[in-house]
Structure formats: structure tokens, C-alpha cells
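Notes follow once the structure below has been shown.
Read the figures in this text as sums done on the coordinates, not as results from a lab. Values in this document were obtained by computation on a predicted structure and should not be read as measured data. For neighbour counting, all protein chains shown are included, and Cβ atoms are generated from backbone atoms with ideal geometry for every residue, glycine included.
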Amino acid sequence: MKRYAPYVILLVLALLPFLGLSTYMMHIIILMIMWAVIGMAWNLLGGYCGQVSFGHAAFFGVGAYTAGIIYSKLGVSAWWGLPLSVLVVAVEGVIIGFICLRLRGPFFALATLAMGEVLRVTAENLRNFTQGTLGILIKERTWVEKIWYYYIILAIAVLSYLVVKKIIESKLGYYFVAIREDQDAAESLGINTTLYKTIALVISAVLTGLAGAFYTNYMGYIDPEVVFALHDISIITIMIVMVGGVATYWGPAVGAGIMVLLAEWIRSLPRIGTAHQTLFGILLILIIIFLPNGIVGDFSKIKKALGMRRKLDTTT
Amino acid sequence: MTPLLEIKNVSRFFGGLAAVMDVSFQVNQGEIVGLIGPNGAGKTTLFNVINGFYKPSKGDVFFKGKRISGLKPHQICRLGIARTFQVVKPLQRMTVLDNVVASAYLRAKSKKEAVSKAIDILHFTDLYEERDKLSKGLPLGMRKRLEIARALATEPEMLLLDESFAGLNPAELDRSIEIIKKIRESGITILIIEHHMKVIMSISDRIVVLNYGEKIAEGTPEEVGNNPLVIEAYLGEAASA
């Protein structure tokens, strides 16, 4: 039964647009899937390989700007940004990896955080190239309806899921987890930790960059404040994985669903809507205390808690 | 015949402190060589130099006639030197089997090969029953054996064992000694750090003694056991007088 679950989920997702959902609902679902992609990408590096990045906006932003710049400078369709971003972000990943991966633990996290910010400031100031804070506007929308965007991001998500699953079940996966658990032990067991950390980072970066290139096409407008955002991209990415479940296949997707819904809901609340960052912070603290392995990772714990409740109900 | 491992005038300084000072010795193919000395004598530092975690401040390490000092630990492991850690470093959130599979991948071409090799080694080290447990929850004796299993999975020619017997109860001790003897029979050369005198005296072919970073004696267990310098290092001057 469990073996068929991914196929059932895929079938449901493939048929979802025929349910006649409103444009707004489709928008929310597209965002959820996009965030699931970023979450899965982050999870490969942060969850499995143990290298916690606070700067995934660096890859999202460069992916987004790859699509934006080929459109604004070369007049090519921004959709070419998808394949091109793979190349650009892979190179970026190697460079950032070279700089940051010589650091361990919190120092790596801080270095990546700095990288994201450096790229944001760079994008704001390279006005001839990026049009600075004016941003890049894609004037022609490819489609009016959401359905094609939906299928494109769904395809990217399925691809990301398969890539992550394939990697984790292979030699690379064993090596990533070994590095996460103990870098010195891994190194002394013949694992070239620098090389494999770089591989994890580059794959993670490329998938994130793909989501960024999609974002440009989908939203039709990007500026550095949005696509290189520290809290709205880098931190939210970590939250999604923490909430859903670190180092689980489905955690990022579950986390993305919950976080996008929560964000929309909280923003719509009167007065406290503007404080959604604060509420996210509180949520994160609660998750760390009660579900340190996330919703998917601690699912048995949740089920048990709910089961207990039910038993109590029947006795009273 | 070139020795399997040759340590030549190796020194390692930490700031002004000489943790290892001008140490030279050789380990020949098929031997078990014990490395002993009081706490802080520089034994583990010497292991870290051989294994590539530290570069020697002076001197060189040769393996099969090839200079290995300056190489990274993973390169040295690939050449055929595996080690265990005194403070065990299990890959905690991996099962016992996966711990060993991760190291077996060094020389295995497929997952199937890595897993079957790992299972063989778990049988060899008496850990097969525990294969599905997370290594986090294992008792110390088993974690020490898991260290050995993981090192063996890289198919080394030489094994560096750092206090694999410390903290074991008598039953576990006998089991581990059996395993060490079996490892030697399979043709792997062993350099072993040990505080447990009974063990080291019974299994070593030769013993090297370090004190304050310097080599003070080398020889067969009997020679070392009767060496006044060694007795002094362990028991103090009064006892030797």
C-alpha cells in the first residue's frame, strides 16, 4: 500500500487543475509546489549532508536573475532561463562551495548567510546588468491561465523528488549522511569530504536555481529585495524543512504546504497580519520543542498523541 | 625488504609544545606492533600524523616506500591504512549495517557488493545481530567493535587501533582479542595503542614505548617489560631504584 503512495499522490496532483479551483487557489498551490522544490533542494544539503545553509536565496536569486537577464538583455524568452540557470547556478555553487565549505557547522551557516546578502547587494548595485532595485519586468505573459505554470512546476518538483531519492539511496547518500554524522570519521574512512560536500551543495543549488528561474517566468517581475531576500527566502526555506521534517523525503513538501497556507492566512488577519515573521518565529520554537524531527519525522509521535486523546474521549 | 610503514624522525609541535618528538620506527608486513606510553605521551597524536589528520612538523611517514605525510586522510585510507578512534565516532543516526556499508563503498562498485561485504564483516566482528540498530544506542563494547568493523570495510593493508580495548568488560575483552587475532591471520598488519598491559603483552610481536613525545624503548614484550626506562616512565623513579 505504502509503495503506491507516491503514484497516488502524483495522480491526484496531475488531476488537480480539473477540479475547477479558483485562480487564487491555483496560485497558492503553485507556490506550495515551488517551495517544496526549494525545501527538497535545501534538505539534500542541510538535512542529509548536514551542511546547514542560511543563504539559499543566493541560488534562488541567481536562478531568477538568469531568466530575467536573458530576457531583458538578449531578448530571449525567459523560459530559456530554466536550462541556462542549471549551468549558471552550478558554477555559482562550485564557487560558493569553494569559499564556504572549508568552514564547518555554524561557521558554514554564517558564511552562506553572508553570501546571500553579498549577492543581494551586488544585484542592487550592478544597475547596468540587473536594473538594480527597479527590477526586471517580463512584459509578455506566456499564459493567462495558471494550468501550464502548474504543470511546469509540478514537473520540476517530480524531478527534484526523484533526484533526491535516487541520490540518497546510492553511494552518494551514504556518504552525505556519513559526513553529517561525523566529518572526521567520514574522512578517515576514505570519504573525500570536501568533494562530496561540494557535490551536495551544487545539486542543492541547481534545484533551487530552477525554482528561481520558474519564479521569474511565473511572477513576471523580480527585484533583488524579493529574490535574494534573507528572511523571505533563505530563512523560510529552513523553516519549511524544519516544520516538515529534516532528512525525510516528504518533509519539505508537507512543510511547504503548511507554511504557504499559514503565511497566506496570517497575512489576511487584521492588525497582526504584518507580524507574520514573529508568528513564524514562535511556530519554529514550538516545532523545535515538541517535534524536533518535524511533522513527517515525528509522525508516529503525533499519531500516538492523537490516539491517546481518542482513548481518553471514549472513556469519559 | 621495505617495511610496510616507516616513521622517520617525526615531530609534531602544537605551539611550543612537542607532542611527538623525533620518533622513528618501522612496522613490517604481518606484524602486530603495540604502541604504549603513559597518558599524554603522544600516541594518538602519532596516529593522527600517520592517518593524515596532522601534518608532521618535521620528518616523514612512508607507506610501502611511498611518502604519505602531507596527504589527506581519505587519500591515506584509499592507499590502505584504516584507523579507529579512541573516542569512538559512530555515525550515530545510521544503523550498524549502514555504518559499515558507508565504508565498504570505498572499494565496492555497486550497492549490492557494498552491502554483502558489510554483512560479511558484521559476521566477522560479531555484530550481525545488531545490524538494524542505530549505532547511537549501542553499548561501548559494541561501538568499539563497530569502529573496527568500519575500518575493516575499507579493506586496509594496515590497521591503526586506538585503544580498542579500553573500558571493555572481561567477556568483551576476550572477544575483541579473538577478533584482533583473526584480523592478523587474514594478513592485515596492525599498529595498536593500548593501556591494557595484559592484552598488549600477549598479542604484540614488538612494542614501541613513548614518553613525553619521545621514543624511549622498542623491542619484544619481554625486552620492553624489563627495560628500566619503561618501568620508570610507568611507575616513577622510586620504583625503578
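Could you identify the single residue in A:G39, A:G81 that is closer than 17 Å to A:T216 by Cα, surrounded by 23 or more Cβ atoms within 10 Å (Cβ to Cβ) and touching a helix residue (DSSP H, G or I) at 6+ places or on another chain (Cβ under 9 Å)?
After ruling out the rest, the residue left standing is A:G81.
Mind checking whether some residue in segment A:163-184 is aromatic (F, W, Y) and more than 24 Å from A:F60 (Cα to Cα)? Before the answer, list the steps.
To start, the set of residues in segment A:163-184 that are aromatic (F, W, Y) comprises A:174-176.
Next, only the ones that are more than 24 Å from A:F60 (Cα to Cα) stay: A:174-175.
Yes, segment A:163-184 has at least one match.
Out of all the residues in segment B:45-52, is one or more without any contact (Cβ under 8 Å) to a residue 40 or more places away in the chain and not β-branched (V, I, T)?
Yes; the residues of segment B:45-52 include at least one that is without any contact (Cβ under 8 Å) to a residue 40 or more places away in the chain and not β-branched (V, I, T).
Only one of A:F59, A:F54 is within 12 Å of the chain's Cα centre (by Cα) and either more than 26 Å from A:W80 (Cα to Cα) or among the basic types (K, R) (or both). Can you tell me which?
Just a single option satisfies the conditions, and that option is A:F54.
Looking at the structure I just gave you, is A:V164 part of a helix (DSSP H, G or I) and in contact (Cβ under 8 Å) with a residue 40 or more places away in the chain?
Here the answer is yes, as A:V164 does meet what is asked.
Output the helices (runs of 4 or more DSSP H) that fall wholly within segment B:56-144 and possess 2 or more residues being under 26 Å from B:L173 (Cβ atoms) and within 14 Å of chain A (Cβ to nearest Cβ), or say none.
Numbers: elements: B:73-79, B:96-104, B:111-124.
The qualifying helices (runs of 4 or more DSSP H) are B:96-104, B:111-124.
Please count how many residues of segment A:179-197 are within 9 Å of B:L91 (Cβ to Cβ) and among the basic types (K, R).
Matching residues across segment A:179-197 total 1.
Among the residues of segment B:114-125, count how many are more than 15 Å from B:T95 (Cα to Cα) and in contact with a Lys or Arg (Cβ under 9 Å, 6 or more places away or on another chain).
Total satisfying the criteria: 3.
Would you pick out the residues in segment B:91-131 that are farther than 18 Å from A:I168 by Cβ, surrounded by fewer than 19 Cβ atoms within 10 Å (Cβ to Cβ) and of a type in the set (D, E, K, R)?
B:R107, B:K109, B:E113, B:D120, B:D126, B:E129, B:R131
Kindly list the number of the only condition in (1) free of Cβ contacts under 8 Å to residues at least 24 places away in the same chain; (2) assigned to a helix (DSSP H, G or I); (3) of a type outside the set (S, T, N, Q) that fails for A:I199.
Condition (1) is where A:I199 drops out.
Filtering segment B:26-39 down to residues that are in contact (Cβ under 8 Å) with a residue 40 or more places away in the chain, assigned to a loop (DSSP other than H, G, I, E, B) and out of contact with any helix residue (DSSP H, G or I) (no Cβ under 8 Å at 6 or more places or on another chain), which residue is nearest to B:F165 (Cα to Cα)?
Applying the filter and picking the extreme gives B:E31.
Restricting the search to segment B:206-221, which residues are within 15 Å of the chain's Cα centre (by Cα) and surrounded by fewer than 22 Cβ atoms within 10 Å (Cβ to Cβ)?
B:R206
Looking at the structure I just gave you, is A:G55 in a helix (DSSP H, G or I), crowded, with 24+ Cβ neighbours inside 10 Å and not acidic (D, E)?
Working: in a helix (DSSP H, G or I): no; crowded, with 24+ Cβ neighbours inside 10 Å: yes; not acidic (D, E): yes.
For A:G55, the condition - in a helix (DSSP H, G or I), crowded, with 24+ Cβ neighbours inside 10 Å and not acidic (D, E) - is not met.
Here are some residues: B:E172, B:E178. Which one is under 26 Å from B:N28 (Cα atoms) and either in contact with a helix residue (DSSP H, G or I) (Cβ under 8 Å, 6 or more places away or on another chain) or more than 14 Å from chain A (Cβ to nearest Cβ) (or both)?
Going through B:E172, B:E178 in turn, the sole match is B:E178.
Can you name the number of the only condition in (1) within 14 Å of chain A (Cβ to nearest Cβ); (2) of a type outside the set (V, I, T); (3) in contact (Cβ under 8 Å) with a residue 40 or more places away in the chain; (4) buried (at least 22 other Cβ atoms within 10 Å of the Cβ) that B:R12 fails?
Failed condition: (1).
Which number in (1) in contact (Cβ under 8 Å) with a residue 24 or more places away in the chain; (2) surrounded by fewer than 21 Cβ atoms within 10 Å (Cβ to Cβ); (3) of a type in the set (K, R) marks the one condition that A:R120 misses?
Of (1) in contact (Cβ under 8 Å) with a residue 24 or more places away in the chain; (2) surrounded by fewer than 21 Cβ atoms within 10 Å (Cβ to Cβ); (3) of a type in the set (K, R), only one is false for A:R120: (2).
Those residues that are in a helix (DSSP H, G or I), within 9 Å of another protein chain (Cβ to nearest Cβ) and over 19 Å from B:N48 (Cα atoms), I need them from segment A:167-189; list them, please.
Residues satisfying the conditions are A:K171, A:Y174, A:Y175, A:V177, A:A178, A:R180, A:E181.
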